[in-house]
Amino acid sequence: MWIVQRASAAVLAVCVVVHLFTIIYAVRGGLTAAEILERTRGNAAWFAFYSVFVLAVTLHVPIGLRSICAEWLRWHGRSRDFALLLFAGFLGWAGMRAVVGVFA
Amino acid sequence: MKVSVWRGGAQGEFQSFDVPRHPSQTVLDVVTYIQRALDPTLAYRFACRVGMCGSCAMMVNGVPRWTCRTHVDKVARDEKLEISPLRNLPVIRDLVVDMREFFDKWARAKGEFRGRGTRQDDFERVPPESPSRKLVDAGIECIGCGVCYAACDVVKWNPDYLGPAALNRAWTLVTDVRDRARLERLRAVSGDAGCHACHSHVSCTERCPKHLSPTAGIAGLKRAVAKAVLQGDL
């Protein structure tokens, strides 16, 4: 789990930087939803990039929350892990829903 | 000087004493003065008085320190001192804590040396300049005073966590070329109670009176465990 956490953090470091620079680049001179969708729809490369981004978040966030639950809330054991598994599923679902909506 | 000293067990309160100031006075001198001149019922631990045994560690103004090697000049704030038992350990009475849990964790981290030789074999030769010996040297001088353990927030949040001293000990054995219990030890120090729980706050390294870096040792253990997992050994 520690290895997954570190590996996903490395992926996220790249993804977040690319994401932020893309936003800054794209919003120069204003932006509308129609413009965004026009550029993003059917773009396989960005679809793949954001799918990896969502996957990294889905792995990274619940593992981090696992420690926070234990240390701050004293929540251990199977109930915590099951709840976080559900949360990971939600993150993956919500993330991919957005990716499919924008890029597919 | 006003000195507040913890009295009682886990439930207790601070008691205030007036202690005369002297040049080069240590915090241990202050505690000893209180016991000898003001209140003989005060319980505290000390032995060597020169920073060799580590038994006089206490919280001084909220920071874990060897009281024998801490000058009042350096830590008193507005001529006030607050002295309490080491954090993260059960209090027996006044300034004395129960160290059993601290040392039990050394055993749980497989902190004992396991070589391959027998008493019939010659000594193993380990060149002092070899990289692994240098890594061992960097962490070997721990005297088990418990200062790092009291400084560690992860121990506070996760009472099962083995703590900096036990993990530092495990690291000095993992890096020892003579060691023959590497995988067993790596298994013992990995997981939620082991090296992976460390958040690298570096409080242990900041407070260690021997200037060791348990943080570096724990990072080494994380790398060693990851390597063993990726190689399929764990």
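The values are calculated or read from the model by the stated rules, or taken from the named source; none is laboratory data. Here the structure is a predicted model, which means the values were calculated and not measured. Here Cβ is always computed from backbone atoms with ideal geometry, including for glycine, and neighbour counts include all displayed protein chains. These accessible areas exclude ligands, DNA and RNA; they are computed on the full protein's heavy atoms, side chains included. Shrake-Rupley method; radii C 1.70, N 1.55, O 1.52, S 1.80 Å.
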Review point. Which loop-located chymotrypsin sites (Phe, Trp or Tyr not before Pro) does the stretch A:1-94 contain, where loop means any DSSP state but H, G, I, E or B and the Cβ has at most 12 other Cβ atoms within 10 Å?
Key: none
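What 222 nm value per residue comes from the helices of the protein assembly as shown, counting each DSSP H run with n ≥ 4 as -39,500 (n - 2.57) and dividing by all residues, nearest 500 deg cm²/dmol?
-15500 deg cm²/dmol
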Exercise for review: State the percent of C-alpha pairs, over all pairs in the protein assembly as shown, separated by a distance greater than 35 angstrom.
Suggested key: 43 percent
**Study point:** Hits among lysines - C-alpha to C-alpha of B:LYS2 under 24 Å, sequence gap 8 or more where chains match
**Key:** B:LYS74, B:LYS80
Check your understanding: Among the residues of the stretch B:159-198, which ones have their accessible area go down by 20 Å² or more when all the protein chains sit together, as opposed to their chain alone (1.4 Å probe)?
Key -> B:ASP192, B:HIS196
Check your understanding: Carbon and sulfur together cover what percent of the accessible area of the stretch A:1-58 at a 1.4 Å probe radius?
Key -> 75 percent
Review point. Is the shape of the stretch B:1-98 best called rounded, prolate or oblate, per the rule: a/c under 1.5 gives rounded, else a/b larger than b/c gives prolate, else oblate, with a ≥ b ≥ c the square roots of the Cα gyration tensor eigenvalues?
Key: rounded
Study note, to complete from the structure: On protein heavy atoms with a 1.4 Å probe, the accessible surface that disappears when A meets B, both sides summed and given to 100 Å², is 800 Å²
Exercise for review: Please report, to two decimal places, log10 I(q)/I(0) for the stretch B:102-234 at q = 0.12, 0.13, 0.18 Å⁻¹ as given by the Debye formula with identical point scatterers on the Cα atoms and no solvent.
Suggested key: -0.44, -0.51, -0.96
Check your understanding: Pick from A:THR32, A:THR58, A:THR40: which residue has the top mean-square fluctuation in a GNM of chain A where Cα pairs under 10 Å get a spring?
Key -> A:THR32
Review point. In whole angstrom, and with the biggest value first, how far do the Cα coordinates of chain B range along each principal axis?
Key: 61, 37, 30
Study note, to complete from the structure: Computed ³J(HN,Hα) along the stretch A:3-10: with the Karplus parameters 6.51/-1.76/1.60, θ = phi - 60°, integer Hz and x for glycine or proline, the list is 5, 4, 4, 5, 5, 5, 5, 5
**Study point:** Dipole of the stretch B:96-234, positive end: most advanced residue of B:THR118, B:LEU221, B:GLY139 [Cβ charges, Cα centre]
**Key:** B:THR118
Check your understanding: Pick from A:HIS76, A:HIS19, A:HIS60: which is most flexible by mean-square fluctuation in a GNM of chain A where alpha carbon atoms under 10 Å apart are linked?
Key -> A:HIS76
Point to revise | Surface share of carbon and sulfur [accessible, 1.4 angstrom probe, percent] for the stretch B:1-102 | key: 49 percent
**Study point:** Most mobile of A:VAL61, A:VAL17, A:VAL52 in a GNM of chain A (Cα contacts under 10 Å)
**Key:** A:VAL17
**Study point:** A:SER79 versus B:ARG133: modelled label distance in nm, points set 7 Å from Cα along the beta carbon direction
**Key:** 5.5 nm
Exercise for review: For B:ASP153 and B:LYS2, compute 0.36 nm times the residue count separating them, minus their Cα-Cα distance, and round to one decimal in nm.
Suggested key: 51.5 nm
Review point. What spacing in nm lies between the two simple spin-label points modelled at B:GLU13 and A:MET1, each 7 Å away from Cα in the Cβ direction?
Key: 4.3 nm
Check your understanding: With the solvent-accessible surface defined on protein heavy atoms using a 1.4 Å probe, which residues belonging to the stretch A:62-99 display a reduction of at least 40 Å² in accessible area in the multichain context relative to the isolated chain?
Key -> A:GLU71, A:ARG74
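Which value, in Å², gives the accessible area per residue of the protein assembly as shown when a 1.4 Å probe is used on the protein heavy atoms?
Heavy-atom SASA per residue in the protein assembly as shown reads 56 Å².
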Exercise for review: Kindly identify residues of the stretch A:1-45 having a loss of at least 40 Å² in accessible area between the isolated chain and the assembly of all protein chains, probe radius 1.4 Å.
Suggested key: A:TRP2, A:ILE3
